[in-house]
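The values are calculated or read from the model by the stated rules, or taken from the named source; none is laboratory data. Model, not experiment: these values are computed from the prediction. Every residue, glycine as well, gets a Cβ built from its backbone with ideal geometry; the counts of neighbours run over all protein chains shown. Surface areas here come from the heavy atoms of the whole protein model, side chains and all, with no ligands, DNA or RNA. Shrake-Rupley method; radii C 1.70, N 1.55, O 1.52, S 1.80 Å.
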Amino acid sequence: MEIRGLQKDLEAFSKLVTQRQEYMKQAPAEPDTVDPINELSRRMHPDRIVLVLKDVFDENETTRTFRFEAAPGGELPYFRAGQYLSLKVSVGDVLITRPYSLSSAPADSLSPDGSGGGVYDVTVRRKDGGFLTDHIWKTWRPGTPVVASGPHGNFYFEPLRDEREIIGIAGGSGITPFRSIIREMAAGGLDMTLTLLYGIVNPGDIIFGEELRKAADVHADRLKVFFVCSEPDDRWSGPAGFITASCIRELAGPVAGKSFFICGPPAMYRFLDGELKDMGIAQKRIRREVFGEYDDPAAEPGFPAETAAKTFSLKVRMGSQVAVIPARGDETVLVSLERAGIGPDSQCRSGECGWCRSLLISGNIHVMPENDGRRAADKKLGFFHPCSSYPLSNLEIQVPLTGAMAQ
């Protein structure tokens with residue numbers, strides 16, 4: 001915009017008003033019902049998309065990458081490197097929702113000719129006795145349709161918020177969003193540098209090892225990757241132990257003026273909280289990816305052990321309908337709702353996105369402090385997130401009419 005002075009600018013504005021009136025005279029009498037902005041928004045942020053499994057790649061003994069394409073007639077929304085999908089998987093009569101980071105680059109979701117032939121990669125580590133991962137390993141084959149949310153999440157580089165120099169810390173399968181970020185860096189899509197410290201238990205745990213080493217060699221001016229092994233064997237020659245403050249300083253250098261991106265299990269977050277605090281890192285420079293629900297909440301510090309083995313009564317109001325279902329003390333309220341087939345839609349399962357936000361009418365809940373994403377007003381007015389809350393007594397709640405309840 002050119003500023004030419006108060007008088008000239010006012011005169012120019014008066015001409016704009018006249019011009020606008022002329023446009024209005026020439027406009028058709030019937031309103032234009034086409035809304036291209038909202039249509040673009042719907043395409044970029046769909047509530048649900050249908051994917052079709054295209055390929056499966058074994059990354060190591062416990063980890064696979066599942067490559068999806070859009071179902072016929074559909075398209076893959078573009079996303080920001082580091083975001084996740086929330087997969088909706090039916091196992092028997094139970095609908096399970098789990099967030100998984102996209103491990104492919106945003107550019108992979110686009111075909112070179114714009115014909116919609118792009119792909120999403122989702123990398124999953126199999127858990128011992130895992131209800132969902134066992135089902136995925138046994139039943140997902142090329143051609144399997146899978147319903148997912150659109151891309152979500154805040155674990156991405158934002159130059160208006162983050163420093164240009166990033167120290168990334170990954171633990172186990174927490175490497176997956178970093179693979180997306182590194183691929184996007186390699187494609188020239190992110191103006192940042194990354195020093196990645198990848199924590200593994202043993203050498204066999206490494207995911208994308210060869211790809212990460214090659215990317216660090218090719219883009220040595222912007223990317224450094226270090227593997228840190230906590231239980232090394234005789235063959236290991238790299239850094240060993242936990243990713244402590246001294247380890248971070250030794251491998252990543254001075255931390256002043258750098259942002260931290262962290263993705264891994266809850267225990268790693270708690271450990272790093274102390275290390276980063278000792279280093280004087282301000283919270284505004286720390287970005288943590290959500291990690292979904294706890295595998296064993298009763299084993300987490302501060303969890304009320306006296307209610308973990310109990311089962312409570314959960315009275316659920318959904319519009320004009322009312323249901324009473326059981327709710328175990330060691331499962332989130334959302335899991336109890338899903339077991340009963342009346343779960344509201346959910347995305348992060350970590351108390352962050354607020355997608356399942358509900359009203360607690362009566363009763364008491366325990367909210368995991370690390371997953372307490374409630375706003376201050378919600379706490380005061382009694383709203384809570386069922387995905388991060390555990391019953392401490394009989395409850396009465398009101399859930400939104402989304403997900404299965406909206407059908």
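Give the accessible surface of the chain per residue, rounded to a whole number of Å², with probe radius 1.4 Å and ligands, DNA and RNA excluded.
On the way: 21110 Å² over 407 residues.
On a per-residue basis, 52 Å².
Using alpha carbons only, what's the Rg to Rh ratio of the stretch 137-275 with Rh from Kirkwood? Present the calculation step by step, with values, prior to reporting the outcome.
Values: Rg = 16.1 Å, Rh = 16.3 Å.
That ratio is 0.99, to two decimals.
By what distance, in whole Å, do the Cα atoms of the stretch 200-352 stretch along each of the three principal axes, largest value first?
61, 35, 33
If one computes the Cα centroid of the stretch 147-168 and of the stretch 1-60, what distance in Å separates the two points?
When both Cα centres are located, 25 Å separates them.
Two-decimal Rg/Rh of the stretch 155-231 from alpha-carbon positions, Kirkwood Rh? List each step's numbers first, then the result.
Details: Rg = 12.2 Å, Rh = 12.7 Å.
For the stretch 155-231, the value is 0.96.
Which percent of the accessible heavy-atom area of the chain goes to carbon and sulfur, probe 1.4 angstrom?
On the way: 10960 of 21110 Å².
Of the solvent-accessible surface of the chain, carbon and sulfur hold 52 percent.
Regarding the stretch 213-292, what is the average projected area of its C-alpha convex hull, in nm²? Each step should come with its number before you reach the end.
Working: hull surface 26.3 nm².
Result: 6.6 nm².
Towards the positive end of the charge dipole of the chain, with charges on Cβ (+1 Lys, Arg; -1 Asp, Glu), say which of 176, 401, 366 has the farthest Cα.
It is 401, whose Cα lies furthest towards the positive end.
The stretch 1-102: percent of C-alpha pairs farther apart than 20 Å? Walk me through the intermediate numbers first.
Numbers: 3415 of 5151 pairs.
Counting every Cα pair in the stretch 1-102, those more than 20 Å apart make up 66 percent.
Averaging the inverse of every distinct alpha carbon separation and then flipping it gives the Kirkwood radius. What is it for the stretch 15-70, in angstrom units?
Details: mean 1/r = 0.0608 Å⁻¹.
About 16.5 Å, per the Kirkwood formula over Cα pairs.
Based on the Cα coordinates of the stretch 45-89, what is the per residue volume of their convex hull in Å³?
On the way: hull volume 4.6 nm³, N = 45.
Per residue, the Cα convex hull of the stretch 45-89 comes to 102 Å³.
Between residue 392 and residue 30, what is the FRET efficiency for a Förster distance of 60 Å, r being their Cβ-Cβ separation, to the nearest 0.05?
On the way: r = 59 Å, r/R0 = 0.98.
Efficiency computed from Cβ-Cβ geometry: 0.55.
Using the scaling law 2.2 N^0.38 Å as the reference, what is the normalised Cα Rg of the stretch 101-182? Don't skip to the answer; put the middle values down first.
Working: Rg = 15.6 Å, N = 82, 2.2 N^0.38 = 11.7 Å.
Relative to the 2.2 N^0.38 Å estimate, the stretch 101-182 comes out at 1.32.
What is the dipole size for the chain, taken about its Cα centre, with +1 at each Lys and Arg Cβ and -1 at each Asp and Glu Cβ, in debye to the nearest 20? Display every interim value, and only then the final one.
Numbers: 47 positive and 54 negative charges, 172 e Å.
For the chain, the charge dipole is close to 820 debye.
As I understand it, the dipole of the chain uses +1 on the Cβ of Lys and Arg and -1 on the Cβ of Asp and Glu, about the Cα centre. Which of 100, 50, 5 lies farthest toward its positive end?
Farthest along the dipole direction, towards plus: 5.
Return one quarter of the surface area of the convex hull spanned by the alpha-carbon atoms of the chain, equal to its mean projected area, in nm².
On the way: hull surface 110.7 nm².
That works out to 27.7 nm², a quarter of the Cα hull's surface.
Name the long-range amide H neighbours of residue 196: under 5 Å, sequence gap of 5 or more, or other chain; modelled H, no Pro or chain starts.
168, 224, 225, 226
Give the percent of DSSP beta bridges with both residues in the chain that are antiparallel, rounded to the nearest 5. Show your work: numbers first, answer last.
Values: 45 of 73 bridges.
Once the DSSP bridges in the chain are tallied, antiparallel ones form about 60 percent.
Can you tell me what the convex hull of the Cα atoms of the stretch 138-188 projects to on average, as an area in nm²? Write down the numbers at each step before the final one.
Details: hull surface 24.0 nm².
With the hull built on Cα positions only, its mean projection is 6.0 nm².
Any of 127/258; 315/380; 224/258; 315/379 with alpha carbons more than 24 Å apart? Name them for me. Working shown, then result.
On the way: 127/258 34 Å; 315/380 21 Å; 224/258 14 Å; 315/379 20 Å.
In this structure, 127/258 lie more than 24 Å apart at Cα.
In nm, what is the difference between 0.36 nm times the number of residues separating residue 361 and residue 305 and their Cα-Cα distance?
Values: separation 56, 0.36 × 56 = 20.16 nm, distance 2.40 nm.
17.8 nm is the gain from fully extending residue 361 to residue 305.
Counting helices only, and only those DSSP H runs with n ≥ 4, report the 222 nm mean residue ellipticity of the chain as the sum of -39,500 (n - 2.57) divided by its residues, in deg cm²/dmol to the nearest 500.
-7000 deg cm²/dmol
From the backbone phi of the stretch 18-27, what are the Karplus-calculated ³J(HN,Hα) couplings (6.51 cos²θ - 1.76 cosθ + 1.60, θ = phi - 60°) in whole Hz, Gly and Pro given as x?
After applying 6.51 cos²θ - 1.76 cosθ + 1.60, I find 4, 5, 5, 5, 5, 4, 5, 5, 7, 6 Hz.
At what distance in angstrom do the alpha carbon centres of the stretch 355-392 and the stretch 61-93 lie from each other?
A separation of 28 Å, based on Cα centres.
Which FRET efficiency value, to the nearest 0.05, do you get for residue 55 and residue 20 by plugging their Cβ-Cβ distance into 1/(1 + (r/R0)^6) with R0 = 41 Å?
Numbers: r = 54 Å, r/R0 = 1.32.
Efficiency computed from Cβ-Cβ geometry: 0.15.
Name every cysteine in the chain that ends up alone, with no second cysteine's Cβ under 4.7 Å, or say none.
Lacking a cysteine Cβ partner under 4.7 Å: 229, 247, 263, 356, 387.
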